[in-house]
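Reading through the structure tokens given below for one structure.
Taken together, the values in this text are just the output of simple stated rules run on the coordinates, not laboratory data. Quantities reported herein were computed from a predicted structural model and do not represent experimental measurements. Heads up, the Cβs are rebuilt from the backbone with ideal geometry, glycines too, and the neighbour counts pull from every protein chain shown.
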Amino acid sequence: MDGRTILAALRRIQALCIRSGLAEEADDVQAAAIPRDPMAYFEELYEKYATDVLRVCYFYLGDRHKAEDVCQDVFVRLITNAPELQEGREKAWLLKVALNRCRDLWRGAWLKRVVLGSPAFELVPAPDEFGKLAEHEEIMQAVNQLPATFKEVILLHYYQGYGIAEIAEMMDLPEGTISSRLSRGRKKLESILKGGDAR
């Protein structure tokens, strides 16, 4: 597959994830004013962002139980650390903590794959998409071979639907770095799919 084919396939996967509810279209979510009651604030953040945190963890780890554990850990850290969150940056903080925790687990060498047989990849495709299913699995296997820095941005952008600005905020990196990682990640995917190396 060439670069254009890979990009087109990633965009089709992104659209499929959005249609199936596994990802949302990128948007700028503004947080409501912080209430005076810390527990009410926590509950509001949990109601608003727990699904997003769980989704990111699940796509990163590929295991629902581990993703739920990380999601719970993120919100426990929110309560115990009581960080001073800037209004409108709560989601970015939560996702950054989730990504860092997922990376810690990934580095622990006990988890190095996304399970292709998991419910996230058992989407029932429309009849015209059956031919694309094998291509999607091939690309996901290639994504799993990417170094973590590229895998993260590919998963967040194409599979989760986050925009470059949102990814930059949650990873605390410049937007240019995220754009570069997306571009380099797509090139590495192309190399892997042509039988090359992920390095």
Assertion target for THR80, THR177, ordered by fewest C-beta neighbours within 10 angstrom first, is THR80, THR177
Say each of SER183 and ASP69 gets a label point 7 Å from the Cα, pointing the same way as Cα to Cβ; how far apart are those two points in nm? 3.9 nm
Past 31 Å, Cα to Cα: identify those pairs from LYS91/LYS194; LYS48/LYS188; LYS66/LYS91; LYS96/LYS194, in the order given. LYS91/LYS194; LYS48/LYS188; LYS96/LYS194
